[in-house]
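The values are calculated or read from the model by the stated rules, or taken from the named source; none is laboratory data. What you are looking at is a predicted structure, and each value in this text was computed from that prediction instead of being measured. Using ideal geometry, Cβ is built from the backbone for each residue, glycine included, and neighbour counts are taken over all protein chains shown. Accessible surface is based on the protein model in full, side chains and every heavy atom, while ligands, DNA and RNA are left aside. Shrake-Rupley method; radii C 1.70, N 1.55, O 1.52, S 1.80 Å.
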Amino acid sequence: MKNIVVLVSGGGTNLQALIDAENRGEIVGGKITCVISSKPDAYAIRRAEYSGIPHIVIAREDYPDVHGFSKAVLDALDKERADLVVYAGFMTIVDETLCQAYPNKMINVHPSLIPSFCGKGFYGLHVHEAALEKGVKVTGATVHFVTEECDGGPIILQEAVPVLNGDTPEILQRRVMENAEWKILPKAVSLFCQDKIRVEDGIAIVTGE
């Protein structure tokens, strides 16, 4: 059984999707053992409490620089014996030490079909605003491994979502979450825990979906 540690900063809707999937028996071979929040007032902490999941607050504001904060997170991951680290709305910058310590063992869900609308500055509603401004007809979500390049790690799963006439960034954000993010993130976690993902030459190869 793999230990899954989830990193959060905000409301925790993707964390809730993971918790619900685990409760339904959809995460095979893994268990959420800890939630780490970079903000003491994140509602995601409440979600962990309600589900009886241990949680830790490592507040970014308590550290003078990104290196000190990153070391504190890394120490916590090591203490928790994390097999998989999931970014679930984790909006706090860390340095390269985490990626180097957990290569191909950290995953993130991004609210677009990478390589579109990704990288520096593309987060939250900004992603959906950009999609609407461009006039794309299809968007979606991507689960990928975390590397030192922002949103640049090997792609594990993607799910497409239509863009409809009259969409606002908020409406589109909700559709992407409900129809893509909340589906493919738990699925990717389960595949990882079953050792059904491998990386070859920078490409994630998924087997046995």
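Summary table
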{"read-out": "Close pairs (8 angstrom Cβ cut-off, 6 or more residues apart or separate chains): within 10 Å of GLY12 (Cβ to Cβ) in segment 45-56, open to solvent by 60 Å² or more (accessible area, probe 1.4 Å) anywhere", "value": "ILE45/HIS55; ILE45/VAL57; ALA48/PRO54; ALA48/HIS55"}
{"read-out": "Elements of type helices (runs of 4 or more DSSP H) in segment 96-209, at least 3 residues being closer than 27 Å to ILE27 by Cα and at pLDDT 95 or above", "value": "169-176, 182-193"}
{"read-out": "Residue that is β-branched (Val, Ile, Thr) and within 16 Å of the chain's Cα centre (by Cα), where the choices are VAL57, VAL28, VAL66, VAL85", "value": "VAL85"}
{"read-out": "Any chance GLY68 is within 20 Å of LYS187 (Cα to Cα) and without any contact (Cβ under 8 Å) to a residue 24 or more places away in the chain", "value": "no"}
{"read-out": "Selection count, segment 87-97, where residues are surrounded by fewer than 19 Cβ atoms within 10 Å (Cβ to Cβ) and without any contact (Cβ under 8 Å) to a residue 40 or more places away in the chain", "value": "3"}
{"read-out": "Qualifying residue in segment 74-93 (condition: under 14 Å from VAL146 (Cβ atoms), aromatic (Phe, Trp, Tyr) and modelled with pLDDT of 95 or more)", "value": "yes"}
{"read-out": "From ALA59, ALA82, ALA42, residue being open to solvent by less than 20 Å² (accessible area, probe 1.4 Å), touching a residue at least 40 places away in the same chain (Cβ under 8 Å) and under 28 Å from CYS118 (Cα atoms)", "value": "ALA82"}
{"read-out": "Of residues in segment 18-33 being crowded, with 21+ Cβ neighbours inside 10 Å and either among the basic types (Lys, Arg) or touching a Pro at 6+ places or on another chain (Cβ under 7 Å) (or both), the one nearest to ILE93 (Cα to Cα)", "value": "LEU18"}
{"read-out": "Any hit, segment 70-80, residues being out of contact with any helix residue (DSSP H, G or I) (no Cβ under 6 Å at 6 or more places or on another chain), of a type outside the set (S, T, N, Q) and part of a loop (DSSP other than H, G, I, E, B)", "value": "yes"}
{"read-out": "Single residue of segment 152-161 satisfying the filter (open to solvent by less than 70 Å² (accessible area, probe 1.4 Å) and without any contact (Cβ under 8 Å) to a residue 40 or more places away in the chain) that is farthest from the chain's Cα centre (by Cα)", "value": "VAL161"}
{"read-out": "Only listed residue being surrounded by fewer than 20 Cβ atoms within 10 Å (Cβ to Cβ) and in contact (Cβ under 8 Å) with a residue 24 or more places away in the chain, chosen from GLU178, GLU148, GLU200", "value": "GLU148"}
{"read-out": "Residue match in segment 162-173 (condition: within 25 Å of ILE19 (Cα to Cα), open to solvent by less than 30 Å² (accessible area, probe 1.4 Å) and not small (Gly, Ala, Ser))", "value": "yes"}
{"read-out": "Boolean, ILE114 is closer than 29 Å to ALA131 by Cβ, surrounded by fewer than 19 Cβ atoms within 10 Å (Cβ to Cβ) and under 18 Å from the mean Cα position of the chain (by Cα)", "value": "no"}
{"read-out": "So ALA72, is it within 19 Å of the chain's Cα centre (by Cα) and of a type in the set (A, V, I, L, M, F, W, C)", "value": "no"}
